[in-house]
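As structure tokens, the structure follows; a few thoughts come after it.
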Amino acid sequence: ISGGGLNLISTQTASSSSSLSFTTGIDSTYKEYIFKFINIHPATDSVTFSFNMSTDGGSNYNVTKTSTAFRATQDEAGSFTLLGYDTGSDLAQSTSYQPLTAGLGNENDESVSGTLHLFEPSSTVFVKHFFTNVNYQYSDPQSVNYYHAGYGNTASAINAVDFKFNSGNIDSGVIKLYGVS
């Protein structure tokens, strides 16, 4: 997937934060950027963690996206499993935030961790491909491994990325931004 070393660009730590925005460090220095989410914990129960991109330094997070999603799920009792396409998390030429979870719980032991890979965000020729892989505790409780892939349909350079829940704050957690050399 990536062939080089990871170079830490910045770290953001949530503390009852409405969102975590990366408005610097995304430029032409690297062809691939990786965001690592570490134990992102919501203040509100049964929420969706999501991201969007910006071409204007974070003034607007509204890049048009097309994406696909699938997940694997197992409940704690071992009585329910699922592997399948998720039509509720894909986007079709939408400026909405890209969902990365659905129904994330907010009990003390519930959080989301994972990665977002963003390719050639500074290109002014190609669309901006991305893929994600997250694992989280669904509020029922279930372990969910979620995969998303897609592209930002813009020839403008992406220079900011925002992460938030669809309701409530990011109670705690860390997101690290890396460039891949």
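Quick rundown of the values:
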| read-out | value |
| --- | --- |
| Other-chain or far-sequence residues with amide H under 5 Å of S10's (modelled H) | L177 |
| Full-stretch length increase - N135, L6 - with 0.36 nm per residue and alpha-carbon distance subtracted | 44.3 nm |
| Accessible area of segment 1-69 belonging to carbon and sulfur atoms, whole % at 1.4 Å probe | 42 percent |
| Interchain or long-range residues, amide H under 5 Å from S123's placed H | I158 |
| Over the chain: Rg over Rh, Cα atoms, Kirkwood Rh | 0.96 |
| For segment 56-71, Karplus couplings with θ = phi - 60° (6.51, -1.76, 1.60), whole Hz, Gly/Pro x | 10, x, x, 5, 9, 10, 8, 6, 5, 10, 10, 8, 9, 8, 9, 8 |
| Cα-based equivalent ellipsoid, segment 19-112: semi-axes from gyration tensor eigenvalues, Å | 28, 17, 13 |
| Sites matching chymotrypsin sites (Phe, Trp or Tyr not before Pro) across segment 79-127 that sit in DSSP coil, with at most 15 neighbouring C-beta atoms within 10 Å | F80, F126 |
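The values are calculated or read from the model by the stated rules, or taken from the named source; none is laboratory data. Source: prediction; values computed, not measured. Note that each Cβ is placed from the backbone with ideal geometry, even for glycine, and that neighbours are counted across all protein chains shown. The accessibility values were calculated without ligands, DNA or RNA, using every heavy atom of the protein model including side chains. Shrake-Rupley method; radii C 1.70, N 1.55, O 1.52, S 1.80 Å.
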